[in-house]
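The values are calculated or read from the model by the stated rules, or taken from the named source; none is laboratory data. Since we're looking at a predicted model, the values are computed, not measured. Positions of Cβ are backbone-derived with ideal geometry, glycine not excepted, and every protein chain shown enters the neighbour counts. Only protein heavy atoms, including side chains, enter the accessible area calculation; ligands, DNA and RNA are left aside. Shrake-Rupley method; radii C 1.70, N 1.55, O 1.52, S 1.80 Å.
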Amino acid sequence: MVAGASSGIGEATALAFAQRGARVVLAARRTERLDAIAERIERSGGKALAATCDVTEPEQLTTLRVVTEEVYGPADILVNSAGMRGGGEFTKLDYDRIEDPVRLNVLGVLFGTRAFLPSMLARGKGHVVNIGSLAGRFATPGNAIYGATKHAVVAFSEAMNYETERRNVHVTSVNPGFVDTEGFPQGDLPNWAVLKMGTVTDAIMKVVREDIAPEYSVPRWLSAFQLFRVATPTLYRWGIRKARRARLSSPSR
Ligand SMILES: NC(=O)c1ccc[n+]([C@@H]2O[C@H](COP(=O)([O-])OP(=O)(O)OC[C@H]3O[C@@H](n4cnc5c(N)ncnc54)[C@H](OP(=O)(O)O)[C@@H]3O)[C@@H](O)[C@H]2O)c1
């Protein structure tokens, strides 16, 4: 089950699972996009079901679970990839622009997990992969709302995993750096700073295959960078402020 499968990381993840022989359910709101991806999978010999679903609506997730179980049986793997940006000067934002990313990035992940986790626990196998972000590990200026939502995803995944691992079910936050997608265009970044989509999907496949939990950063050096933040917070924050000033004074931004 891939939620947020109509584009970007979710689409690529669904295709990667299908290529490896998994039967895939693709969920998101844009039905036509899902149909086209499912058709593409079926044409190349795979199995896929397109299911329109807004992950911020619990009833729709319940229906999604029921339909999935009727067609393919209970889900072994859930990937919560639906998400959106949430930026801007905080005090100038309408309340909607604060609520929307929180609903999608946080409640969407919690509701999706709530819908699919019980059957994994009942069967004693399964993996929930939540697409977090490096913004869930590093709080940066101008990114307060998005960063808050992704920190929530990282914390939720770790806390849940303590509860589920004894029953052979894992919950992992996969935290990618920058990936160029519809919702997160990275055109203003140098190429070296942008991850290839294959790097992210390979990481997700590895996490599932090797039962890695509760957290996995891509690129891998980001994990080590967390040590720097914890070991020398003053130096780390000085660096972040300096990077921010350089960014603000850059003529290209
Ligand atoms: N790209 C990056 O640099 C980056 C880095 C780190 C983490 N991430 C995270 O990766 C995840 C995927 O992002 P992406 O880069 O692949 O962006 P994307 O291409 O814009 O994909 C977002 C997906 O979320 C779905 N979605 C949005 N609202 C939804 C809703 N209410 N219900 C169901 N599905 C919904 C969209 O489909 P519909 O519009 O059809 O519903 C789309 O399939 C997000 O959680 C994002 O925070 C991205």
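Taking the stated definitions as given, is Ala48 of a type in the set (Gly, Ala, Ser) and without any contact (Cβ under 8 Å) to a residue 40 or more places away in the chain? So Ala48 fits the description; yes. How many residues, within the stretch 150-182, are more than 16 Å from the ligand (Cβ to nearest atom) and part of a helix (DSSP H, G or I)? Looking only at that region, the number is 10.
Taking the stretch 190-249 and the helices (runs of 4 or more DSSP H) fully enclosed by it, the elements with 1 or more residues that are within 16 Å of the chain's Cα centre (by Cα) and β-branched (Val, Ile, Thr) are at 197-209.
Checking each residue in the stretch 68-77 for being assigned to a helix (DSSP H, G or I) and free of Cβ contacts under 8 Å to residues at least 40 places away in the same chain picks out only Glu70.
Selection of the stretch 113-149 for residues being under 26 Å from Leu195 (Cα atoms), touching a residue at least 40 places away in the same chain (Cβ under 8 Å), assigned to a helix (DSSP H, G or I) and in contact with a helix residue (DSSP H, G or I) (Cβ under 6 Å, 6 or more places away or on another chain) yields Leu134, Ala144, Ile145, Tyr146, Thr149.
For the stretch 107-145, a residue qualifies if it is of a type in the set (Val, Ile, Thr), under 17 Å from Val171 (Cα atoms) and open to solvent by 30 Å² or more (accessible area, probe 1.4 Å), but none of them does.
Of all residues being polar (S, T, N, Q) and in contact with a helix residue (DSSP H, G or I) (Cβ under 7 Å, 6 or more places away or on another chain) in the stretch 182-233, which is surrounded by the fewest Cβ atoms within 10 Å (Cβ to Cβ)? Just the residue, please. Looking at the filtered set, the residue picked out is Thr201.
Among the residues making up the stretch 41-62, those that are away from the ligand (no atom under 15 Å from the Cβ), assigned to a helix (DSSP H, G or I) and of a type outside the set (A, V, I, L, M, F, W, C) are Glu42, Arg43.
Every residue, every condition in (1) more than 9 Å from the ligand (Cβ to nearest atom); (2) in a strand (DSSP E or B), yes or no:
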residue: Ala18; (1), (2): yes, no
residue: Arg33; (1), (2): no, no
residue: Ile37; (1), (2): yes, no
residue: Val79; (1), (2): yes, yes
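Being within 7 Å of the ligand (Cβ to nearest atom), within 15 Å of Thr68 (Cβ to Cβ) and not in a strand (DSSP E or B) is the filter here; which residues of the stretch 1-16 pass it? Even if it seems obvious, please write down each step before you answer.
Keep residues of the stretch 1-16 that are within 7 Å of the ligand (Cβ to nearest atom), which gives 3-11.
Subsequent filtering for residues that are within 15 Å of Thr68 (Cβ to Cβ) retains 3, 5.
Across the stretch 1-16, the qualifying residue is only Ala5.
Of the residues making up the stretch 90-148, just one is within 10 Å of the ligand (Cβ to nearest atom) and in contact with a His (Cβ under 6 Å, 6 or more places away or on another chain), namely Gly136. When the stretch 58-99 is filtered for residues that are open to solvent by 70 Å² or more (accessible area, probe 1.4 Å), within 30 Å of Ala203 (Cβ to Cβ) and among the β-branched types (Val, Ile, Thr), only Val71 remains.
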